[in-house]
Amino acid sequence: MTVSTLIPYTLTRLGVVMTPRDGDPNEAEGVLNPASGRDPDGVLYLLPRLVAAGNVSRVGLARVVIDDDGVPVGVEREGVVLEPDRAWERGASHGGVEDPRVTWVAALGLHVMTYVAYGPLGPRTALAVSSDLRSWRRLGPVFFEYDDDLDVDLNLFHNKDTVFFPTPVMSPARVESLAVLHRPMWDLGEIRPGQGVVLPRGVTDDRHSIWISYVPLTDVLEDVRTLVRWREHRFLAGPEYAFEELKIGGGPAPLRVPEGWLLLHHGVTGVLASGIAQQQRVNYAAGALLLDADDPSTVLARTPEPLLAPETDDERSGIVPNVVFPTAIEEINGAHYVFYGMADSKIGVARLDRTNT
């Protein structure tokens, strides 16, 4: 299938909405990569990743301040809502609850948070749910059901950049399901030195790519704990263009647009450090994929150039220089705003516009 490169959307940066608070130990190494959502009263919040000394992360809660023109311009902090206080969230040299993504799933009446639990074996995807954004019920780490067609157990691998679609879709097996995006990493040597890269059957490119999995809706309606049991795993999209030469990963929850599902993603170039070392020689930029409305495992179009790349001082200088990392989209007064991490240090906002092309 030929994939079109025409995606009629642009991102326009508007400024910084959150910076680390002086003297706050929870924010000593940055505020970044937020989730977002609205509480039962419709008030808009960010759920930023707060990084303490030693690269230990928590998830905070901060009300978004909106100016008279409807533009987000700042935040008011309301504390921490998720601490790394489970054993599987605390590694020997590094730990935390990182990079949350939150999707309001109306079919469940719940906010669904995916996050990276950085535990003894490295980064794993974990889930929590909430009705009010303040109190979160952990559902635990994700379990990938075995698929013999892949001839690999996805539970063995590190996984990041996970996010749910907001509305049910039909899975490849024609089961009404909640779809979720994720990014497995194939180098088992990061867990067991010398083990090396192990790829699923039919996969020839070991670069980090976006995959999609599904959870039957009826199962979750009967028992929300089944939300962590993912099945029908499929490769979705890998690196293709110059700005994503090293790897790609999903961003905010996919947005339903007239053309299908709009997925903002990040693409990475440069040189990757191995292990858990903070990257210093990389460049993260934001691009977009357009997925089929009825079958989101099908890519209809993608951007050959980034929609937003590191250009400002806030994006080019920080804990990890040269990073634009989109993680949340919210509608305010009919306009869509994208919140993104800036150099792993601050949080910026950009407006998402549809062009007339």
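Nothing in this text is a laboratory measurement; each read-out follows from the coordinates by a stated rule. As the structure is a prediction and not an experimental result, all values here were calculated from the model. Because the Cβ atoms are built from the backbone with ideal geometry, glycine has one as well, and the counts that use them run over all protein chains shown.
The table below lists the values:
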item	result
FRET E, pair ARG174, ARG38, Förster distance 30 Å, beta-carbon r, rounded to 0.05	0.40
Efficiency of FRET from Cβ geometry, ILE66 and ASP295, R₀ 25 Å, rounded to 0.05	0.10
Where trypsin sites (Lys or Arg not before Pro) fall in DSSP loop in the range 114-189, at most 14 other Cβ within 10 Å	ARG134, ARG174
Label-point gap, in nm, between TRP104 and THR204 - each point 7 angstrom along Cα→Cβ	4.5
DSSP beta bridges in the chain [antiparallel fraction, %, rounded to 5]	95
Extent along principal axes [Cα atoms of the range 198-334; Å; largest to smallest]	48, 47, 29
Value of D in µm² per second that Stokes-Einstein yields for the range 9-354, Kirkwood Rh from Cα pairs, at 37 °C (0.692 mPa s)	165
Karplus 3J(HN,Hα) series, Hz, for the range 67-76 with 6.51 cos²θ - 1.76 cosθ + 1.60 (x for Gly, Pro)	7, 5, 8, x, 9, x, 10, x, 9, 10
Within the range 1-62, trypsin sites (Lys or Arg not before Pro) in DSSP loop having at most 16 other beta-carbon neighbours inside 10 Å	ARG21
